[in-house]
Amino acid sequence: MRNPSTLKGGGLEKVLYTLNTARKMGVTASAKALTANNACKACGLGMGGQRGGMTNEQGLFPSVCNKSVQAQSTDIQPEIPRAIFNHPLSELQQLDGYQVEHLGRLNTPLYKTAGADRLEPISWDQALAIARERFVHCVPERFFAYASGRSSMEAGFILQLLARAKGTNNVNNCSYFCHQATGVALTQAVGSGTASVQLDDLDHCDTVILAGANPASNHPRLIHKLRAVRERGGRVIVINPMKEPGLVRFANPKSLRSLATGGDAIATDYLQPKTGSDLWLFAGLAKTVLHLKKENTAFLHDHCENADAYCQWLDAISWQTIERHTGLAEADIQSIGEAYSESDRCIFAWGMGLTHHQHGVQTLEALVNLCLLRGQVGKAGAGLLPLRGHSNVQGMGSIGVKPLLSPDVMAKLEQQLGIAAPGTDGMDTMACLRAAHAGSIDMALIMGGNLLEAAPATDWAKVALERVGFKLYLTTTLNRGHLHACDQSEQLILPVCARDEEQQPTTQESMFSFVRLSDGGIHRLNNVKPEVDILAALGESLPDGASFTRLKNHQTLRATIAETIAELEPLADIDQTKTEFHIPGRHLNRPHFPTGNGRARFCISPLPDEHDATTARRFRLMTARSEGQFNTIVYEQKDSYRGMDHRRVILMNADDMRAQGLRGGQKISLQSDQGQVTGFEVYAFDLPRGCLFGYYPETNPLVGLNIDPRSKTPAYKSVLVDIQPEVI
Ligand code: SF4
């Protein structure tokens with residue numbers, strides 16, 4: 001572990017790492033991949049597309065970062081040597097996530113019968129025949145489809161169509177494991193579940209309140225926007241239990257001065273509430289606004305409803321309660337409340353630190369209420385900005401990869417394609433896994449991602465997926481999810497084109513609701529297929545499957561989307577016009593909200609049970625990603641931004657360590673109500689007392705099956721655990 005005082009984000013080390021990664025990929029291959037007209041494959045901030053591979057929607061070049069280079073490095077790998085598949089599965093299961101990812105690109109369909117101990121390379125004809133046969137004979141309600149945000153809007157649309165043509169609404173995407181709480185809360189409060197701002201708004205705000213997120217690692221180019229807020233005299237208020245070095249100082253690789261001086265300050269203020277207590281913190285900030293009489297009375301009167309009830313609700317929450325839950329002093333919260341009260345244009349940005357709790361939706365309601373109180377949404381340079389993880393995860397929701405479609409979209413699907421609405425409600429991701437665990441799922445179609453390791457309660461999830469009779473995976477590389485949970489079940493893994501290898505253009509939607517067109521066209525492997533072709537081939541096998549044949553043409557597919565989903569109408573001719581666009585109706589830059597009556601709504605829910613109620617378990621663990629990681633993909637074992645050399649570590653408050661008689665590097669085990677993990681090294685880190693940090697997915701076996709009842713999202717960042725020193 002490195003000395004925490006020397007840690008920062010960015011810096012020369014990152015520049016060298018990026019150059020080294022590019023060198024390993026080959027200068028020509030990496031230059032081609034990074035400059036081609038394709039959307040960045042990594043985070044949801046968005047970059048690339050028709051303006052060029054390293055240009056953002058404001059025309060800024062080069063808008064590239066370490067994460068985007070890492071994502072390219074995976075796709076540029078040579079194919080997995082065939083000799084690997086001579087090894088029994090039981091041997092491959094010994095590999096860790098990093099090793100599996102670095103085997104190379106998958107360039108052959110792999111098939112495994114139930115009970116076999118090998119993944120056998122087979123031909124595409126064989127593979128598609130098996131897939132079709134299983135799909136046709138599967139009972140609709142015993143099937144589910146799941147997608148990550150890696151795939152295109154086109155593949156997402158045809159995936160959900162396939163499920164509905166089959167007769168089920170069991171189709172969902174990885175947002176149930178990340179930002180679903182955001183969508184639920186924002187939709188009811190302001191009528192749109194996505195960001196109310198565009199990238200440009202970040203250039204006009206005077207304050208950013210950044211809560212429960214670490215963009216230094218996960219959305220690196222956002223850091224430049226935060227730094228710019230500082231440079232024009234604004235404030236960056238960070239709310240995060242962890243003192244993230246990359247949010248304290250970040251060395252801008254493009255600035256020699258920044259590199260030489262050890263980086264620029266990012267946060268003006270840094271509040272460290274206890275894990276999961278943001279709801280009470282936002283209430284405290286709102287109380288301060290009211291106390292200072294800095295609420296926007298005209299906005300509340302003209303454009304909101306339920307404001308009076310909210311103020312009464314706030315009144316009933318005592319400062320004592322807020323201090324107890326957050327672990328912060330009233331004066332410290334008030335000081336930030338005063339800063340917020342002075343802001344003319346404030347943007348609230350947040351990540352999964354707010355959503356990964358059983359009260360995720362309530363937390364987001366509290367954040368939106370705080371925003372509404374001062375009228376900080378519905379005007380330029382202010383608003384709500386959920387930081388989305390994968391580059392097209394938002395697009396997956398927009399295109400209908402979700403259990404519930406609006407009645408008008410479903411009606412149009414019936415008109416256009418003759419697909420009748422399935423008769424039963426669809427299941428979210430956890431409900432699908434529960435059904436699988438109960439033995440009620442015969443087939444799962446999993447497009448991208450690593451469902452096993454993204455799920456909570458890894459051992460339980462392994463049993464659930466093992467009980468799925470037939471799993472069909474579409475993927476560019478192998479991951480541990482493909483190698484486990486299949487000892488006694490049948491599975492087929494199909495290799496697909498990466499975004500920039502697609503044979504026809506595809507589209508992706510960023511977290512600013514900006515839809516990009518990716519040209520594709522790069523040829524790397526000779527035996528991979530576009531996802532749309534595979535899904536359409538499955539659709540053709542259905543009794544009324546003829547319409548799937550014409551949807552293999554992406555232009556026809558996009559025209560169908562445009563006719564079905566009103567807000568995506570500009571997709572119809574995007575491949576001719578090359579005009580990328582913001583989805584209309586989502587940028588809330590005037591105080592009129594798509595809620596039906598034009599008013600924003602204060603949403604109040606009963607406060608959750610005592611956050612730190614007496615419990616037998618003494619610590620609250622949050623699971624999170626490292627700097628060398630993207631979602632479940634591990635690119636490097638070390639976490640340079642937190643000074644960790646490997647991932648089997650638990651970070652802990654230094655006083656807690658002393659109280660427990662622990663020394664740095666000591667081995668500990670952790671126990672939750674769900675499971676146990678052993679052999680983790682404990683290190684001191686700047687965290688509140690009672691809070692622990694561990695890497696995801698290594699600590700996922702501890703995460704329970706308890707979900708937020710409204711968003712259906714597991715509480716990945718609120719796991720009650722005990723720790724035990726290990727005897728050597
Ligand atoms: S910030 Fe996100 S979208 Fe932008 S280049 Fe980096 S990974 Fe890609």
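Some notes on this structure:
- Leading residue by the ranking (farthest from L525 (Cα to Cα)) among those in the stretch 57-66 that are more than 7 Å from the ligand (Cβ to nearest atom) and in contact with a strand residue (DSSP E or B) (Cβ under 9 Å, 6 or more places away or on another chain): E57
- Candidates G156, G115, G97 - the one that is assigned by TED's automatic domain parsing to the domain that holds N479, over 23 Å from the mean Cα position of the chain (by Cα) and either over 30 Å from T699 (Cβ atoms) or of a type in the set (G, A, S) (or both): G115
- Residue in the stretch 18-37 that is at pLDDT 85 or above and within 15 Å of the ligand (Cβ to nearest atom) present: yes
- For the stretch 195-207, the set of residues classified as within 19 Å of E57 (Cβ to Cβ) and either crowded, with 24+ Cβ neighbours inside 10 Å or out of contact with any Leu (no Cβ under 9 Å at 6 or more places or on another chain) (or both) consists of A195, S196, V197, Q198, D200, D203, H204, C205, listed by residue number.
- Cβ-Cβ under 7 Å pairs, at least 6 apart or on other chains, the stretch 405-423 side over 13 Å from A165 (Cα atoms), far side surrounded by 13 or more Cβ atoms within 10 Å (Cβ to Cβ): V409/G400; V409/T564; V409/I565; K412/E563; K412/T564
- All conditions in (1) modelled with pLDDT of 95 or more; (2) polar (S, T, N, Q); (3) within 26 Å of I446 (Cβ to Cβ); (4) in contact with a strand residue (DSSP E or B) (Cβ under 8 Å, 6 or more places away or on another chain) hold for T207, with the sole exception of (3).
- When the criteria are applied in full, L607 fails the requirement of being crowded, with 22+ Cβ neighbours inside 10 Å and either assigned by TED's automatic domain parsing to the domain that holds L370 or of a type in the set (A, V, I, L, M, F, W, C) (or both).
- Helices (runs of 4 or more DSSP H) fully within the stretch 211-295 that include at least 3 residues being outside the structural domain of G694 (by TED's automatic domain parsing) and farther than 24 Å from F685 by Cα: 222-231, 256-260, 278-291.
- Residue within the stretch 229-244 that is farther than 18 Å from F630 by Cβ and within 16 Å of the ligand (Cβ to nearest atom) present: no
- Residue check for L247: crowded, with 23+ Cβ neighbours inside 10 Å and not charged (D, E, K, R): yes
- Within the stretch 344-383, the only residue that satisfies the criterion of being hydroxyl-bearing (S, T, Y) and out of contact with any Cys (no Cβ under 8 Å at 6 or more places or on another chain) is T363.
- Filter result (assigned to a loop (DSSP other than H, G, I, E, B), more than 28 Å from the chain's Cα centre (by Cα) and more than 15 Å from A165 (Cα to Cα)) within the stretch 526-567: N526, N527, K552, N553
- Test: residue in the stretch 125-148 that is within 16 Å of the ligand (Cβ to nearest atom) and part of a loop (DSSP other than H, G, I, E, B): yes
- Some residue of the stretch 693-705 being farther than 18 Å from A461 by Cβ and of a type outside the set (S, T, Y): yes
- Taking the stretch 406-487 as the region of interest, the helices (runs of 4 or more DSSP H) fully inside it that hold 1 or more residues being within 21 Å of N700 (Cβ to Cβ) and at pLDDT 95 or above are 429-437, 451-454, 458-466, 480-483.
- Test set (1) surrounded by fewer than 18 Cβ atoms within 10 Å (Cβ to Cβ); (2) in contact with a Lys or Arg (Cβ under 9 Å, 6 or more places away or on another chain); (3) over 29 Å from A715 (Cβ atoms); (4) not aromatic (F, W, Y) - A438 fails condition number: (3)
The values are calculated or read from the model by the stated rules, or taken from the named source; none is laboratory data. No experiment lies behind these values; they were computed from the predicted model shown. With ideal geometry, Cβ positions are generated from the backbone for all residues, glycine too; neighbour counts draw on all protein chains shown.
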